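Reviewing the structure listed below.
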Amino acid sequence: MTAASAPISKRRAGEALGGLAVADPRPRIVDGRVAGWRCGACGHAVAQESPWCPNCSAGALTPASFGPGGTVWAGTVVHLPVGHWKPPFALASVDLDDGPRVLAHVTETRVLPVGSRVRLVGGTQESGASAGDGNDVFVEPEGSGS
Amino acid sequence: MTRPVGVWGVGTSHFGRFPDQRVETLAWEAIGEAMTAAGVTADDIDAVFVGTVFGPPGVAIRVLRGTGIGGVPVVTIEAACASGTAAFHEAAQAVASGRYGTVLAFGVEHLSSLFTGAIVPEATDADGAAGLPLPGLYALGAQRYLAVHGATVEQLAQVAVKNKAHGVRNPRAHLGRASSSGAPSLDEVLASKMIAEPLTLLQCCPTTDGAAAAVLGRARAGDVRVLSSALVSGRPWDQRSDEIWGVAPVRRAADEAFSAAGVEAEDVDVLEVHDAFTIGEIVTLEALGLCKPGEGAELAVSGHTALGGRQPVNPSGGLLSRGHPLGATGLAQLAEIVWQLRGVAGDRQVPGARIGLVETLGGAASGMDGNAAVVALLSSDPSS
Ligand SMILES: [Zn+2]
(Lines give C-alpha, C1' and ligand atoms only; values in the text may rest on other atoms or scores of the structure.)
Protein backbone atom coordinates (compact mmCIF):
# COMPACT_ATOMS: atom_id res chain seq x y z
CA MET A 1 0.00 0.00 0.00
CA THR A 2 1.14 3.50 -0.81
CA ALA A 3 2.11 5.67 2.11
CA ALA A 4 -0.56 8.25 2.80
CA SER A 5 1.14 11.62 2.80
CA ALA A 6 -2.03 13.15 1.42
CA PRO A 7 -4.82 14.82 3.39
CA ILE A 8 -6.72 12.36 5.54
CA SER A 9 -10.43 11.81 5.04
CA LYS A 10 -12.80 10.19 7.46
CA ARG A 11 -14.78 9.12 4.44
CA ARG A 12 -14.24 5.98 2.40
CA ALA A 13 -10.84 7.04 1.25
CA GLY A 14 -9.74 4.09 -0.85
CA GLU A 15 -6.52 2.14 -0.62
CA ALA A 16 -4.43 4.88 -2.21
CA LEU A 17 -5.13 7.11 0.79
CA GLY A 18 -4.50 4.47 3.41
CA GLY A 19 -8.13 3.40 3.70
CA LEU A 20 -9.79 0.13 2.81
CA ALA A 21 -9.89 -0.99 -0.80
CA VAL A 22 -12.93 -0.20 -2.95
CA ALA A 23 -13.90 -1.81 -6.25
CA ASP A 24 -11.97 0.14 -8.88
CA PRO A 25 -14.23 2.41 -10.99
CA ARG A 26 -11.48 3.68 -13.33
CA PRO A 27 -11.49 2.95 -17.06
CA ARG A 28 -8.81 0.46 -18.11
CA ILE A 29 -6.56 -0.19 -21.03
CA VAL A 30 -7.00 -3.74 -22.38
CA ASP A 31 -4.90 -4.92 -25.32
CA GLY A 32 -3.84 -1.38 -26.11
CA ARG A 33 -7.32 0.16 -26.24
CA VAL A 34 -9.68 1.73 -23.70
CA ALA A 35 -12.21 -0.83 -22.57
CA GLY A 36 -15.84 0.32 -22.35
CA TRP A 37 -19.27 -0.45 -23.70
CA ARG A 38 -21.44 0.40 -26.70
CA CYS A 39 -25.24 0.36 -26.95
CA GLY A 40 -26.59 -2.21 -29.41
CA ALA A 41 -29.62 0.00 -30.16
CA CYS A 42 -28.38 3.59 -30.46
CA GLY A 43 -24.62 3.08 -30.70
CA HIS A 44 -23.82 5.34 -27.74
CA ALA A 45 -20.34 4.74 -26.31
CA VAL A 46 -19.88 4.70 -22.55
CA ALA A 47 -16.72 4.59 -20.49
CA GLN A 48 -18.27 3.83 -17.10
CA GLU A 49 -20.10 0.67 -16.09
CA SER A 50 -23.85 1.19 -16.49
CA PRO A 51 -26.87 -1.13 -16.05
CA TRP A 52 -28.19 -0.39 -19.56
CA CYS A 53 -27.73 2.35 -22.14
CA PRO A 54 -27.96 5.69 -20.32
CA ASN A 55 -28.71 7.43 -23.62
CA CYS A 56 -31.74 5.51 -24.95
CA SER A 57 -32.38 3.43 -21.80
CA ALA A 58 -33.59 0.68 -24.13
CA GLY A 59 -30.48 -0.90 -25.54
CA ALA A 60 -28.24 -3.44 -23.91
CA LEU A 61 -24.58 -2.56 -23.56
CA THR A 62 -21.95 -4.86 -24.98
CA PRO A 63 -18.23 -4.60 -24.29
CA ALA A 64 -16.36 -2.45 -26.78
CA SER A 65 -12.91 -0.93 -27.07
CA PHE A 66 -12.04 2.61 -28.07
CA GLY A 67 -9.10 4.68 -29.23
CA PRO A 68 -6.34 4.67 -28.35
CA GLY A 69 -6.34 7.92 -30.37
CA GLY A 70 -8.29 10.91 -29.21
CA THR A 71 -8.60 14.69 -28.98
CA VAL A 72 -8.05 16.75 -25.84
CA TRP A 73 -11.27 18.33 -24.51
CA ALA A 74 -9.26 20.18 -21.85
CA GLY A 75 -6.12 19.73 -19.79
CA THR A 76 -4.74 21.05 -16.52
CA VAL A 77 -1.80 20.69 -14.18
CA VAL A 78 -2.71 20.01 -10.56
CA HIS A 79 -0.46 21.47 -7.86
CA LEU A 80 -2.04 19.68 -4.89
CA PRO A 81 -1.21 16.24 -3.56
CA VAL A 82 -4.07 13.86 -4.36
CA GLY A 83 -3.79 10.34 -3.00
CA HIS A 84 -0.41 8.96 -4.02
CA TRP A 85 -0.04 11.57 -6.75
CA LYS A 86 2.58 14.13 -5.80
CA PRO A 87 2.25 17.59 -7.33
CA PRO A 88 2.61 18.80 -9.92
CA PHE A 89 0.88 16.30 -12.20
CA ALA A 90 -1.14 16.81 -15.36
CA LEU A 91 -4.62 15.53 -16.19
CA ALA A 92 -6.59 15.73 -19.39
CA SER A 93 -10.12 15.01 -20.44
CA VAL A 94 -9.98 13.26 -23.81
CA ASP A 95 -12.65 12.48 -26.41
CA LEU A 96 -11.62 9.12 -27.82
CA ASP A 97 -12.07 8.66 -31.57
CA ASP A 98 -15.65 7.39 -32.03
CA GLY A 99 -15.65 6.73 -28.30
CA PRO A 100 -16.38 8.17 -24.88
CA ARG A 101 -14.80 11.07 -23.02
CA VAL A 102 -12.35 9.87 -20.38
CA LEU A 103 -10.12 11.52 -17.80
CA ALA A 104 -6.50 10.40 -17.66
CA HIS A 105 -3.07 11.33 -16.37
CA VAL A 106 -0.65 12.99 -18.78
CA THR A 107 2.85 11.62 -19.16
CA GLU A 108 4.25 15.17 -19.49
CA THR A 109 3.70 17.81 -16.82
CA ARG A 110 2.09 20.50 -18.94
CA VAL A 111 -1.35 21.76 -19.89
CA LEU A 112 -2.27 19.93 -23.08
CA PRO A 113 -3.89 22.36 -25.52
CA VAL A 114 -7.60 22.01 -26.24
CA GLY A 115 -8.03 20.10 -29.49
CA SER A 116 -4.58 18.54 -29.55
CA ARG A 117 -4.15 14.94 -30.63
CA VAL A 118 -3.18 12.29 -28.08
CA ARG A 119 -2.97 8.56 -27.55
CA LEU A 120 -4.12 6.68 -24.44
CA VAL A 121 -1.87 4.04 -22.94
CA GLY A 122 -1.84 1.79 -19.90
CA GLY A 123 0.94 0.27 -17.84
CA THR A 124 2.88 1.91 -15.05
CA GLN A 125 3.75 5.26 -16.57
CA GLU A 126 4.82 8.33 -14.69
CA SER A 127 2.67 11.41 -14.19
CA GLY A 128 4.69 14.19 -12.60
CA ALA A 129 6.81 12.78 -9.81
CA SER A 130 4.57 9.75 -9.25
CA ALA A 131 3.92 6.52 -11.05
CA GLY A 132 0.52 4.94 -11.54
CA ASP A 133 -0.51 1.79 -9.69
CA GLY A 134 -0.75 -0.18 -12.93
CA ASN A 135 -4.47 0.43 -13.32
CA ASP A 136 -4.36 4.05 -14.44
CA VAL A 137 -4.98 5.35 -17.93
CA PHE A 138 -2.38 7.75 -19.33
CA VAL A 139 -2.40 10.33 -22.08
CA GLU A 140 0.58 10.54 -24.39
CA PRO A 141 0.77 13.70 -26.50
CA GLU A 142 1.09 12.81 -30.19
CA GLY A 143 4.68 12.76 -31.32
CA SER A 144 6.08 12.11 -27.84
CA GLY A 145 7.56 8.96 -26.32
CA SER A 146 7.68 5.89 -28.54
CA MET B 1 -46.73 28.32 -5.96
CA THR B 2 -50.15 27.55 -4.64
CA ARG B 3 -49.76 29.40 -1.35
CA PRO B 4 -47.49 32.46 -1.13
CA VAL B 5 -44.37 31.49 0.79
CA GLY B 6 -42.59 33.93 3.05
CA VAL B 7 -39.16 33.76 4.60
CA TRP B 8 -40.00 34.57 8.21
CA GLY B 9 -36.43 34.70 9.42
CA VAL B 10 -32.86 33.74 8.56
CA GLY B 11 -29.67 33.29 10.53
CA THR B 12 -26.09 32.14 10.17
CA SER B 13 -23.11 31.30 12.30
CA HIS B 14 -19.81 33.02 11.72
CA PHE B 15 -17.79 31.30 9.00
CA GLY B 16 -14.23 30.12 9.43
CA ARG B 17 -12.21 27.31 11.01
CA PHE B 18 -13.53 26.59 14.46
CA PRO B 19 -11.68 23.65 16.05
CA ASP B 20 -13.38 24.30 19.41
CA GLN B 21 -16.87 24.07 17.95
CA ARG B 22 -18.96 21.12 16.89
CA VAL B 23 -21.66 20.97 14.23
CA GLU B 24 -24.28 21.38 16.96
CA THR B 25 -22.94 24.65 18.33
CA LEU B 26 -22.57 26.14 14.86
CA ALA B 27 -26.11 25.10 13.93
CA TRP B 28 -27.58 26.49 17.17
CA GLU B 29 -26.09 29.90 16.40
CA ALA B 30 -27.82 29.95 12.99
CA ILE B 31 -31.12 28.39 14.12
CA GLY B 32 -31.38 30.72 17.10
CA GLU B 33 -30.96 33.79 14.97
CA ALA B 34 -33.47 32.54 12.38
CA MET B 35 -36.12 31.63 14.98
CA THR B 36 -35.72 34.93 16.79
CA ALA B 37 -36.01 36.86 13.53
CA ALA B 38 -39.09 34.81 12.62
CA GLY B 39 -40.66 35.29 16.04
CA VAL B 40 -41.27 31.57 16.54
CA THR B 41 -40.49 29.06 19.27
CA ALA B 42 -39.73 25.35 19.08
CA ASP B 43 -43.41 24.37 19.37
CA ASP B 44 -44.24 26.32 16.20
CA ILE B 45 -42.00 24.21 13.95
CA ASP B 46 -43.97 21.56 12.00
CA ALA B 47 -41.09 20.01 10.06
CA VAL B 48 -37.35 20.35 9.55
CA PHE B 49 -35.30 19.96 6.35
CA VAL B 50 -31.54 19.69 6.79
CA GLY B 51 -28.75 20.03 4.24
CA THR B 52 -25.38 18.46 4.98
CA VAL B 53 -22.81 16.51 3.01
CA PHE B 54 -20.36 15.20 5.59
CA GLY B 55 -22.79 15.08 8.50
CA PRO B 56 -21.84 13.16 10.57
CA PRO B 57 -24.72 10.67 10.27
CA GLY B 58 -27.38 11.68 12.78
CA VAL B 59 -26.30 15.31 12.86
CA ALA B 60 -29.82 16.64 12.28
CA ILE B 61 -31.33 15.09 15.38
CA ARG B 62 -28.22 15.80 17.43
CA VAL B 63 -28.59 19.48 16.59
CA LEU B 64 -32.31 19.46 17.43
CA ARG B 65 -31.67 17.89 20.86
CA GLY B 66 -30.65 21.24 22.26
CA THR B 67 -33.42 23.25 20.66
CA GLY B 68 -36.63 21.76 22.02
CA ILE B 69 -37.75 20.88 18.51
CA GLY B 70 -38.70 17.21 18.34
CA GLY B 71 -41.30 14.68 17.31
CA VAL B 72 -41.86 16.38 13.95
CA PRO B 73 -40.68 15.04 10.58
CA VAL B 74 -36.95 15.68 10.11
CA VAL B 75 -35.48 14.96 6.68
CA THR B 76 -31.79 15.24 5.83
CA ILE B 77 -30.85 16.00 2.23
CA GLU B 78 -27.49 15.46 0.55
CA ALA B 79 -27.11 17.25 -2.77
CA ALA B 80 -23.39 18.08 -2.58
CA CYS B 81 -22.77 21.85 -2.54
CA ALA B 82 -26.49 22.44 -3.15
CA SER B 83 -27.59 20.51 -0.03
CA GLY B 84 -28.64 23.59 1.92
CA THR B 85 -30.44 25.12 -1.05
CA ALA B 86 -32.20 21.81 -1.65
CA ALA B 87 -33.33 21.81 2.01
CA PHE B 88 -34.66 25.35 1.50
CA HIS B 89 -36.39 24.28 -1.72
CA GLU B 90 -38.14 21.36 -0.03
CA ALA B 91 -39.19 23.60 2.88
CA ALA B 92 -40.61 26.19 0.48
CA GLN B 93 -42.48 23.58 -1.55
CA ALA B 94 -43.89 22.05 1.64
CA VAL B 95 -45.28 25.42 2.73
CA ALA B 96 -46.56 26.21 -0.78
CA SER B 97 -48.43 22.93 -1.03
CA GLY B 98 -49.87 23.25 2.44
CA ARG B 99 -48.16 20.10 3.66
CA TYR B 100 -46.63 21.96 6.61
CA GLY B 101 -47.34 25.34 8.14
CA THR B 102 -44.04 26.48 9.61
CA VAL B 103 -40.83 24.84 8.47
CA LEU B 104 -37.24 25.14 9.62
CA ALA B 105 -34.45 24.57 7.11
CA PHE B 106 -30.85 24.49 8.19
CA GLY B 107 -27.50 23.45 6.80
CA VAL B 108 -24.30 22.70 8.67
CA GLU B 109 -20.78 21.47 8.00
CA HIS B 110 -17.60 21.14 10.03
CA LEU B 111 -14.99 20.60 7.33
CA SER B 112 -11.90 21.62 9.28
CA SER B 113 -12.15 18.44 11.37
CA LEU B 114 -12.35 16.30 8.21
CA PHE B 115 -9.88 17.74 5.73
CA THR B 116 -6.47 19.32 6.18
CA GLY B 117 -6.61 20.78 2.67
CA ALA B 118 -8.83 20.38 -0.34
CA ILE B 119 -11.70 17.89 -0.14
CA VAL B 120 -10.37 14.40 -0.88
CA PRO B 121 -11.89 12.96 -4.06
CA GLU B 122 -14.34 10.09 -3.66
CA ALA B 123 -12.61 6.75 -4.23
CA THR B 124 -15.72 5.08 -5.67
CA ASP B 125 -15.98 7.71 -8.41
CA ALA B 126 -14.09 7.12 -11.68
CA ASP B 127 -12.60 10.61 -11.88
CA GLY B 128 -12.10 10.73 -8.12
CA ALA B 129 -10.20 7.45 -8.16
CA ALA B 130 -8.08 8.80 -11.00
CA GLY B 131 -7.01 11.66 -8.74
CA LEU B 132 -9.13 14.59 -9.95
CA PRO B 133 -9.67 17.07 -7.11
CA LEU B 134 -12.57 19.55 -7.32
CA PRO B 135 -10.31 22.49 -8.25
CA GLY B 136 -8.97 20.25 -11.04
CA LEU B 137 -12.47 19.73 -12.41
CA TYR B 138 -13.11 23.47 -12.48
CA ALA B 139 -9.63 24.05 -13.92
CA LEU B 140 -10.45 21.77 -16.85
CA GLY B 141 -13.59 23.83 -17.42
CA ALA B 142 -11.63 27.06 -17.16
CA GLN B 143 -9.05 25.88 -19.71
CA ARG B 144 -11.81 24.94 -22.11
CA TYR B 145 -13.57 28.27 -21.56
CA LEU B 146 -10.37 30.25 -22.12
CA ALA B 147 -9.64 28.35 -25.34
CA VAL B 148 -13.16 28.52 -26.77
CA HIS B 149 -14.01 32.11 -25.86
CA GLY B 150 -10.58 33.71 -25.92
CA ALA B 151 -11.04 34.84 -22.32
CA THR B 152 -8.03 35.71 -20.15
CA VAL B 153 -6.72 34.62 -16.77
CA GLU B 154 -7.05 38.26 -15.68
CA GLN B 155 -10.80 38.08 -16.35
CA LEU B 156 -11.04 34.94 -14.21
CA ALA B 157 -9.04 36.53 -11.40
CA GLN B 158 -11.16 39.68 -11.41
CA VAL B 159 -14.05 37.61 -10.01
CA ALA B 160 -11.93 36.88 -6.93
CA VAL B 161 -10.84 40.51 -6.61
CA LYS B 162 -14.49 41.56 -6.66
CA ASN B 163 -15.86 38.96 -4.28
CA LYS B 164 -13.02 39.33 -1.79
CA ALA B 165 -13.57 43.10 -1.80
CA HIS B 166 -17.23 42.40 -1.01
CA GLY B 167 -16.23 39.97 1.73
CA VAL B 168 -14.23 42.62 3.57
CA ARG B 169 -17.60 44.29 4.23
CA ASN B 170 -19.06 41.09 5.72
CA PRO B 171 -18.10 40.63 9.39
CA ARG B 172 -19.09 36.93 9.25
CA ALA B 173 -17.03 36.04 6.16
CA HIS B 174 -14.24 33.52 6.66
CA LEU B 175 -11.68 35.50 4.70
CA GLY B 176 -13.32 38.88 5.20
CA ARG B 177 -12.27 39.19 8.82
CA ALA B 178 -8.75 38.00 8.07
CA SER B 179 -8.24 40.67 5.44
CA SER B 180 -7.07 43.46 7.73
CA SER B 181 -5.11 44.84 4.82
CA GLY B 182 -8.20 44.81 2.63
CA ALA B 183 -8.98 42.73 -0.42
CA PRO B 184 -6.22 41.35 -2.66
CA SER B 185 -5.31 43.09 -5.89
CA LEU B 186 -5.50 41.47 -9.30
CA ASP B 187 -1.74 40.90 -9.22
CA GLU B 188 -1.99 39.29 -5.78
CA VAL B 189 -4.75 36.94 -6.93
CA LEU B 190 -2.74 35.91 -9.99
CA ALA B 191 0.50 35.56 -8.01
CA SER B 192 -1.00 33.39 -5.26
CA LYS B 193 -0.02 29.72 -5.18
CA MET B 194 -1.09 27.77 -8.25
CA ILE B 195 -3.68 25.11 -7.34
CA ALA B 196 -4.85 23.73 -10.68
CA GLU B 197 -3.87 25.66 -13.79
CA PRO B 198 -5.17 28.30 -14.43
CA LEU B 199 -6.79 28.59 -10.97
CA THR B 200 -4.65 30.09 -8.20
CA LEU B 201 -5.30 29.73 -4.47
CA LEU B 202 -7.20 33.02 -4.20
CA GLN B 203 -9.54 31.80 -6.94
CA CYS B 204 -10.57 28.78 -4.84
CA CYS B 205 -12.99 28.84 -1.90
CA PRO B 206 -11.48 28.00 1.49
CA THR B 207 -12.30 24.94 3.62
CA THR B 208 -14.82 26.40 6.03
CA ASP B 209 -16.97 25.48 9.03
CA GLY B 210 -20.39 27.05 9.44
CA ALA B 211 -24.15 26.84 9.56
CA ALA B 212 -27.14 28.74 8.24
CA ALA B 213 -30.88 28.49 8.77
CA ALA B 214 -34.24 29.84 7.67
CA VAL B 215 -37.81 29.65 8.97
CA LEU B 216 -40.47 29.59 6.27
CA GLY B 217 -44.25 29.90 6.41
CA ARG B 218 -47.16 31.50 4.59
CA ALA B 219 -46.19 34.98 3.48
CA ARG B 220 -47.19 37.69 5.96
CA ALA B 221 -47.04 41.45 5.50
CA GLY B 222 -43.42 42.55 5.31
CA ASP B 223 -41.97 39.09 4.68
CA VAL B 224 -39.53 38.44 1.89
CA ARG B 225 -41.46 36.32 -0.65
CA VAL B 226 -40.27 33.18 -2.34
CA LEU B 227 -41.36 33.84 -5.94
CA SER B 228 -40.16 30.44 -7.14
CA SER B 229 -37.58 27.77 -6.56
CA ALA B 230 -36.41 24.98 -8.81
CA LEU B 231 -34.37 21.89 -7.97
CA VAL B 232 -32.86 19.77 -10.74
CA SER B 233 -30.42 16.89 -10.82
CA GLY B 234 -27.64 16.07 -13.25
CA ARG B 235 -27.80 14.52 -16.69
CA PRO B 236 -25.01 12.68 -18.50
CA TRP B 237 -21.96 14.79 -19.31
CA ASP B 238 -19.94 12.99 -21.95
CA GLN B 239 -18.49 13.17 -25.47
CA ARG B 240 -21.73 14.74 -26.71
CA SER B 241 -21.41 17.69 -24.32
CA ASP B 242 -20.08 20.88 -25.88
CA GLU B 243 -20.49 22.90 -22.70
CA ILE B 244 -18.14 22.70 -19.78
CA TRP B 245 -19.16 20.76 -16.73
CA GLY B 246 -21.77 22.30 -14.45
CA VAL B 247 -23.44 24.79 -16.81
CA ALA B 248 -26.42 22.80 -18.07
CA PRO B 249 -28.02 22.00 -14.69
CA VAL B 250 -27.95 25.67 -13.71
CA ARG B 251 -29.67 26.59 -16.97
CA ARG B 252 -32.32 23.92 -16.43
CA ALA B 253 -33.06 25.20 -12.92
CA ALA B 254 -32.93 28.85 -14.01
CA ASP B 255 -35.34 28.34 -16.90
CA GLU B 256 -37.82 26.70 -14.54
CA ALA B 257 -37.41 29.28 -11.77
CA PHE B 258 -37.64 32.37 -14.02
CA SER B 259 -40.65 30.95 -15.83
CA ALA B 260 -42.48 30.14 -12.59
CA ALA B 261 -41.73 33.57 -11.12
CA GLY B 262 -42.64 35.53 -14.24
CA VAL B 263 -39.36 37.42 -13.92
CA GLU B 264 -36.53 38.03 -16.42
CA ALA B 265 -32.82 37.88 -15.66
CA GLU B 266 -32.51 41.63 -16.24
CA ASP B 267 -35.10 42.26 -13.49
CA VAL B 268 -32.87 40.79 -10.77
CA ASP B 269 -31.27 43.38 -8.49
CA VAL B 270 -28.90 41.20 -6.46
CA LEU B 271 -27.58 37.63 -6.73
CA GLU B 272 -25.78 35.08 -4.58
CA VAL B 273 -24.31 32.41 -6.85
CA HIS B 274 -22.00 29.43 -6.58
CA ASP B 275 -18.48 30.84 -6.96
CA ALA B 276 -16.56 27.96 -5.41
CA PHE B 277 -14.00 28.78 -8.11
CA THR B 278 -13.84 31.97 -10.20
CA ILE B 279 -14.79 30.22 -13.44
CA GLY B 280 -17.93 28.99 -11.68
CA GLU B 281 -19.38 32.47 -11.23
CA ILE B 282 -18.65 33.36 -14.86
CA VAL B 283 -20.40 30.41 -16.46
CA THR B 284 -23.20 30.49 -13.90
CA LEU B 285 -24.11 34.05 -14.84
CA GLU B 286 -24.22 32.94 -18.48
CA ALA B 287 -26.45 29.99 -17.57
CA LEU B 288 -28.74 32.30 -15.58
CA GLY B 289 -29.16 34.45 -18.70
CA LEU B 290 -27.46 37.64 -17.45
CA CYS B 291 -25.40 37.58 -20.63
CA LYS B 292 -24.60 35.41 -23.65
CA PRO B 293 -22.12 32.50 -23.52
CA GLY B 294 -18.60 33.89 -23.59
CA GLU B 295 -19.62 37.29 -22.21
CA GLY B 296 -19.66 36.30 -18.53
CA ALA B 297 -15.92 36.84 -18.20
CA GLU B 298 -16.37 40.58 -18.69
CA LEU B 299 -19.09 41.12 -16.05
CA ALA B 300 -16.73 41.48 -13.07
CA VAL B 301 -14.19 43.47 -15.11
CA SER B 302 -16.82 45.99 -16.26
CA GLY B 303 -18.17 46.41 -12.73
CA HIS B 304 -21.64 45.16 -13.72
CA THR B 305 -21.54 42.54 -10.93
CA ALA B 306 -19.68 44.58 -8.30
CA LEU B 307 -21.33 46.43 -5.44
CA GLY B 308 -22.36 49.72 -7.00
CA GLY B 309 -22.85 48.02 -10.36
CA ARG B 310 -26.09 47.29 -12.16
CA GLN B 311 -26.49 43.70 -10.83
CA PRO B 312 -24.21 43.01 -7.85
CA VAL B 313 -23.27 39.34 -7.55
CA ASN B 314 -22.14 37.83 -4.25
CA PRO B 315 -22.29 40.96 -2.09
CA SER B 316 -21.62 38.65 0.91
CA GLY B 317 -18.21 37.82 -0.53
CA GLY B 318 -19.54 34.59 -1.99
CA LEU B 319 -18.02 31.21 -1.40
CA LEU B 320 -14.63 32.74 -2.27
CA SER B 321 -14.73 34.96 0.80
CA ARG B 322 -17.52 33.85 3.13
CA GLY B 323 -16.28 30.29 2.67
CA HIS B 324 -17.96 27.10 1.57
CA PRO B 325 -19.29 24.90 4.37
CA LEU B 326 -21.04 22.73 1.78
CA GLY B 327 -24.40 21.99 3.39
CA ALA B 328 -24.62 25.46 4.95
CA THR B 329 -23.77 27.40 1.82
CA GLY B 330 -27.18 27.48 0.15
CA LEU B 331 -28.91 28.77 3.27
CA ALA B 332 -26.12 31.29 3.85
CA GLN B 333 -26.73 32.55 0.30
CA LEU B 334 -30.45 32.73 1.08
CA ALA B 335 -29.77 34.64 4.30
CA GLU B 336 -27.74 37.24 2.41
CA ILE B 337 -30.47 37.75 -0.19
CA VAL B 338 -33.14 38.04 2.51
CA TRP B 339 -31.07 40.66 4.35
CA GLN B 340 -30.53 42.51 1.08
CA LEU B 341 -34.25 42.51 0.27
CA ARG B 342 -35.05 43.70 3.77
CA GLY B 343 -32.52 46.49 3.42
CA VAL B 344 -30.51 45.42 6.47
CA ALA B 345 -27.27 44.29 4.78
CA GLY B 346 -25.23 47.09 6.28
CA ASP B 347 -22.07 48.17 4.47
CA ARG B 348 -22.77 45.83 1.58
CA GLN B 349 -26.42 46.80 1.02
CA VAL B 350 -27.54 47.01 -2.61
CA PRO B 351 -29.70 50.16 -2.52
CA GLY B 352 -33.36 49.52 -3.23
CA ALA B 353 -32.97 45.81 -4.01
CA ARG B 354 -36.41 44.33 -4.71
CA ILE B 355 -35.71 41.05 -6.53
CA GLY B 356 -32.96 38.62 -5.53
CA LEU B 357 -31.67 35.31 -6.81
CA VAL B 358 -29.97 32.37 -5.12
CA GLU B 359 -28.14 29.72 -7.15
CA THR B 360 -26.14 26.71 -6.00
CA LEU B 361 -24.59 23.91 -8.04
CA GLY B 362 -23.56 20.62 -6.46
CA GLY B 363 -20.96 18.25 -7.89
CA ALA B 364 -19.17 16.22 -8.95
CA ALA B 365 -20.19 12.67 -9.85
CA SER B 366 -18.11 11.85 -12.91
CA GLY B 367 -20.03 11.40 -16.13
CA MET B 368 -22.85 13.69 -14.97
CA ASP B 369 -23.13 17.43 -15.63
CA GLY B 370 -23.76 18.10 -11.95
CA ASN B 371 -25.25 16.40 -8.92
CA ALA B 372 -27.92 19.02 -8.33
CA ALA B 373 -28.68 22.66 -8.97
CA VAL B 374 -31.12 24.98 -7.26
CA VAL B 375 -32.22 28.41 -8.43
CA ALA B 376 -34.62 30.47 -6.30
CA LEU B 377 -36.11 33.90 -6.91
CA LEU B 378 -37.21 36.09 -4.03
CA SER B 379 -38.70 39.53 -3.68
CA SER B 380 -39.36 42.07 -1.00
CA ASP B 381 -43.03 42.30 0.01
CA PRO B 382 -44.69 43.64 -3.17
CA SER B 383 -47.21 45.60 -1.07
CA SER B 384 -44.63 47.42 1.02
ZN1 LIG C 1 -28.68 3.32 -26.45
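The values are calculated or read from the model by the stated rules, or taken from the named source; none is laboratory data. For clarity, every value in this text was computed on a predicted model and none was experimentally measured. Here the Cβ is made from the backbone with ideal geometry for all residues, glycine too, and neighbour counts use every protein chain on show.
Couple of notes before you dig in:
- The set of residues in region A:23-56 that are under 16 Å from A:D95 (Cβ atoms) and more than 8 Å from the ligand (Cβ to nearest atom) comprises A:P27, A:R33, A:V34, A:G36, A:R38, A:A45, A:V46, A:A47, A:Q48.
- Complete set of residues in region B:110-154 that are surrounded by fewer than 24 Cβ atoms within 10 Å (Cβ to Cβ), of a type in the set (D, E) and at the interface with chain A (Cβ under 8 Å from one of its Cβ atoms): B:E122, B:D125
- Of all residues in region B:93-135, those satisfying the criterion of being of a type in the set (V, I, T) and within 30 Å of B:M35 (Cβ to Cβ) are B:V95, B:T102, B:V103, B:V108.
- With respect to the conditions (1) at pLDDT 95 or above; (2) touching a Gly at 6+ places or on another chain (Cβ under 7 Å); (3) more than 16 Å from the ligand (Cβ to nearest atom), A:R12 falls short on a single one, namely (1).
- Checking B:I195, B:I279 one by one, the residue that is outside any loop (DSSP other than H, G, I, E, B) and touching a Phe, Trp or Tyr at 6+ places or on another chain (Cβ under 6 Å) is B:I279 and no other.
- Scanning region A:92-142 for residues that are in a strand (DSSP E or B), within 10 Å of chain B (Cβ to nearest Cβ) and closer than 23 Å to B:P135 by Cα yields a count of 11.
- The selection criterion, being over 22 Å from the mean Cα position of the chain (by Cα) and not basic (K, R), holds for B:E188.
- Single unsatisfied condition, A:H84 versus (1) buried (at least 24 other Cβ atoms within 10 Å of the Cβ); (2) under 20 Å from B:P121 (Cβ atoms): (1)
- Filter pass, A:V78 being away from the ligand (no atom under 16 Å from the Cβ), closer than 27 Å to B:S192 by Cα and touching a helix residue (DSSP H, G or I) at 6+ places or on another chain (Cβ under 7 Å): yes
- Region B:261-276 - residue that is assigned to a helix (DSSP H, G or I) and among the hydrophobic types (A, V, I, L, M, F, W, C) and, of those, nearest to the chain's Cα centre (by Cα): B:A265
- Answer residue from region A:45-76, given it is of a type in the set (A, V, I, L, M, F, W, C) and free of Cβ contacts under 8 Å to residues at least 40 places away in the same chain and is nearest to B:V148 (Cα to Cα) among those: A:F66
- Flag if B:G296 is modelled with pLDDT of 95 or more and surrounded by fewer than 21 Cβ atoms within 10 Å (Cβ to Cβ): no
- Region B:184-205: number of residues that are touching a residue at least 12 places away in the same chain (Cβ under 8 Å), touching a His at 6+ places or on another chain (Cβ under 8 Å) and surrounded by fewer than 24 Cβ atoms within 10 Å (Cβ to Cβ): 1
- Taking region A:57-70 as the range and being part of a loop (DSSP other than H, G, I, E, B), more than 8 Å from the ligand (Cβ to nearest atom) and hydrophobic (A, V, I, L, M, F, W, C) as the test, only A:A60 passes.
Quick grid of which residues meet (1) over 27 Å from B:I119 (Cα atoms); (2) crowded, with 24+ Cβ neighbours inside 10 Å; (3) touching a strand residue (DSSP E or B) at 6+ places or on another chain (Cβ under 7 Å):
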{"site": "B:D347", "(1), (2), (3)": "yes, no, no"}
{"site": "B:V350", "(1), (2), (3)": "yes, no, yes"}
{"site": "B:V358", "(1), (2), (3)": "no, yes, yes"}
{"site": "B:G362", "(1), (2), (3)": "no, yes, yes"}
{"site": "B:N371", "(1), (2), (3)": "no, no, yes"}
{"site": "B:L378", "(1), (2), (3)": "yes, yes, yes"}
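- Residue match in region A:43-64 (condition: under 24 Å from A:G123 (Cα atoms), more than 10 Å from chain B (Cβ to nearest Cβ) and at pLDDT 90 or above): yes
- Residue satisfying all of: in region A:81-91; in a strand (DSSP E or B) and within 27 Å of B:G150 (Cβ to Cβ); nearest to the other protein chains (Cβ to nearest Cβ) among these: A:L91
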